[in-house]
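Single-structure report; data block below.
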Amino acid sequence: MEVCYKDDWEKAEERMTAWWHGEVLDRPAIQAIAPRADADRDELLHATYPIDIPPDDLFDWFTNPGRVIPRLEKRVASIYWGGEAFPVGFPTSTGMVAITSAFLGCPYRLIGESNTGWSDPIIEDWETRPKFVFDPHNEWWLICKRLLEAAAQRAAGRYYVGIPDLNGPGQILANLRGMERLALDLIDHPEAVKVALAEVTKAWHRYWQSCVGTVHQWVEGYFFWIGIWSDQPATDLQCDFSCLISPQMFGEFFLPSLRQQTEWVERTIYHLDGPDAVRHLDALLSLPKLTAIQWIQGAGAPPVSKWIRLLRRIQAGGKLLQLYCSPGEVETLLAELEPEGLLLITHCNAEEEAKEVLAKAPRWAKRRQWVAP
Amino acid sequence: MEDILQAIAKRLYEGKDHDVATLVQQALAQDVSPADVLSSGLIAGMDEVGKDFKAGELFVPEVLIAARAMHAGMNVLRPLLANTEVRSAGRFVIGTVKGDLHDIGKNLVRMMMEGAGFETIDLGVDVPPETFVAAVREHKPDLMGMSALLTTTMPKLKATIDALEEAGLRDTVRIMVGGAPVTPECAKEIGADAFAEDAASAVEVARSLMD
């Protein structure tokens, strides 16, 4: 597909293909994203967040294709997609997190103030809980499907379309039951948890396949919320609930589901979110088919460049590594980390800054035995 | 006496709620005072839970079953405490700020504070500043805790402190704040009295504010 809003898309595809294979071409993979020099920043902000949207209009703002798609297109056209960033629109806003919980029956609320979605639990009793299966008639699934169809038809031949944040089976189950109650259930009702998680995992897979299949009617590629290009099946894995539990419980309850996901989808990247998730790193590194790990240090924690030891551990564990960093951290990260398998995503204040980062990156990289352009 | 109190603490630590209730009854039958059962049995057990939670040896599920065991013991003890001069460690109001629906961190803090003998009033989640103000006016707490788990809801921490100031109530209560994106610097900047890094630290912080 020839990509609009990006002249160097072919070279970027080559670099990303190399990244997925743990290789490097002329420089480590970097996405440097910024508002275009001629972008109206206020418009871009309003295209991204529900600013000043009254509570009774939020649902329509998030879900009406007639409003969502023009905003999406405005956003795609207003951004400088530098390096290995590809123009991609996400019709289900980043605010609609863990939407699979809604697909499986949770009442779902959109909170404008915090630009987030919230599920209310529905499992009151393990004996009488609903079955968790793909439901093609679910209201929220139909909303997302409509948005994906509208976006993909509009984007066809020009830019990519990303699927919703489906989140991961473990967190979805936590949303279905309630975080606190699930934490107790790991001790009080372990077998019921395992049975439910297996169902949710299968349902997750059906929804993932359906999202991808919907987009593929018009647009190729496998884009999920991280915004990483892949021409082969690819998805994120998540289990934020794991921050509450021991490595032993993680291994017993959640690792089998994650392993299953890595067997279904060729390329997987695990969202390792925050210091409390690090205790599960060894278990994750033991998954032979897990492709990559994304490290998020979390708000309030030291910046990503202060986590070099951890990041080297991930690379030494044989996984690709994806990081978000500030433009000012790119040099340090490139100097300290192995270039093979490293993908940095940095959001710059201006197009010029993004271009400067990309121009300097080859000189900053740790080992430069490849031929510079 | 020590043996049965240690047994209460141990069973509480292990999350054995029925055993704790039974042992509390046995202790009372042996003329152990309710105050001693509370401080050297139940609170002592929760203090160990808090210590090991902070040290990363216990995790949330284990803390929850210990808190449940504490409740089981307190259900036996509470009617008797009302007839004694045992006072709570302090009165504590807690809530998650407006726009934020995360509750597990707040709930863990509440449980640890109850486990330490504080009387707690939980305002829930998505709590606007005016509700915190009303709660301080009504309950006259010694301490107030606020939780914000999202960077987008952090401004509500300051908004609430400002609302207390405007209502002339700021000086009547000590305020501690916490939540994943909250830092000690942020707590100082917004005028809070203290920052609690996590539920395990909250009790220590609370006790120091009460001194």
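Every read-out reported here was derived from the displayed coordinates using simple, explicitly stated rules and does not represent laboratory data. Because the structure is a prediction, the values reported are computed rather than measured. With ideal geometry, Cβ positions are generated from the backbone for all residues, glycine too; neighbour counts draw on all protein chains shown.
Here are a few things to note about the model shown:
- Share of alpha-carbon pairs per 5 Å distance bin for region B:32-77, given as whole %: 6, 23, 29, 21, 13, 7, 2
- For region A:200-341, size of Cβ-based charge dipole, Lys and Arg +1, Asp and Glu -1, in debye: 320
- With contacts taken as Cα pairs under 8 Å and at least 6 residues apart, chain A reaches a relative contact order of 21 percent.
- For region B:90-210, averaging the sequence separation of C-alpha pairs within contact (under 8 Å, six or more residues apart) and dividing by the residue count gives a relative contact order of 29 percent.
- Amide H contacts under 5 Å for A:Ile345, placed H, 5+ residues apart: A:Gln31, A:Leu323, A:Tyr324, A:Cys325
- Each label was represented as a point 7 Å from its Cα along the Cα-to-Cβ direction; for A:Leu25 and B:Gln6 these points are 7.0 nm apart.
- Residue mean of other protein chain beta carbons inside 10 Å, B:139-152: 1
- From phi via Karplus (6.51, -1.76, 1.60), per-residue ³J(HN,Hα) for region A:34-47 in Hz, x at Gly/Pro: 7, x, 4, 4, 9, 6, 7, 5, 5, 5, 5, 4, 5, 6
- Once the Cβ-Cβ distance of B:Asp198 and A:Glu139 is raised to the sixth power relative to R0 = 41 Å, the FRET efficiency obtained is 0.60.
- For region A:11-88, applying the loop criterion from DSSP together with a ceiling of 14 other beta carbons within 10 Å to the GluC sites (Glu not before Pro) yields A:Glu23.
- When peptides B:175-181, A:252-258 are sorted by average Cβ neighbour count within 10 Å, with the highest value leading, the order is B:175-181, A:252-258.
- For q = 0.11, 0.12 Å⁻¹, Debye-computed log10 I/I(0) when each Cα of region B:2-81 counts as one equal scatterer: -0.23, -0.28
- Modelled this way, with points 7 Å down the Cα-to-C-beta line, the labels at A:Trp264 and A:Arg181 are 2.4 nm from one another.
- Relative contact order [Cα under 8 Å, 6+ residues apart], region A:78-143, whole percent: 28
- Expressed in Å, the radius of gyration and Dmax of the Cα atoms of the protein assembly as shown are 25.8, 86.
- Packing, as the average of other Cβ atoms within 10 Å across residues, places the peptides A:225-236, B:4-15, B:104-115 in the order B:104-115, B:4-15, A:225-236, highest first.
- Partner shielding of A:296-305 amounts to 3, given as the average count of beta-carbon atoms from other chains within 10 Å of each residue beta-carbon.
- All distinct Cα pairs of chain B go into the 1/r average, and the inverse of that average, the Kirkwood radius, is 17.5 Å.
- Filter on B:Lys98/B:Lys158; B:Lys54/B:Lys140; A:Lys202/A:Lys319; A:Lys202/A:Lys289; A:Lys306/B:Lys188; B:Lys16/B:Lys106 - keep pairs with C-alpha separation over 21 Å: B:Lys54/B:Lys140; A:Lys202/A:Lys319; A:Lys306/B:Lys188; B:Lys16/B:Lys106
- Whole-number D in µm² s⁻¹ for region A:195-286, Kirkwood Cα-pair radius fed into Stokes-Einstein, 25 °C, 0.890 mPa s: 173
- Region B:139-211 versus region A:71-102: alpha-carbon centroid distance in Å: 35
- Dipole check for the protein assembly as shown: with +1 at the C-beta of Lys and Arg, -1 at the C-beta of Asp and Glu, and the Cα centre as origin, the magnitude is about 980 Debye.
- Average beta carbon contacts from partner chains per residue of A:264-276, 10 Å cutoff: 1
- A Gaussian network model of chain B, with springs between Cα atoms under 10 Å, assigns the largest mean-square fluctuation among B:Leu123, B:Leu38, B:Leu143 to B:Leu123.
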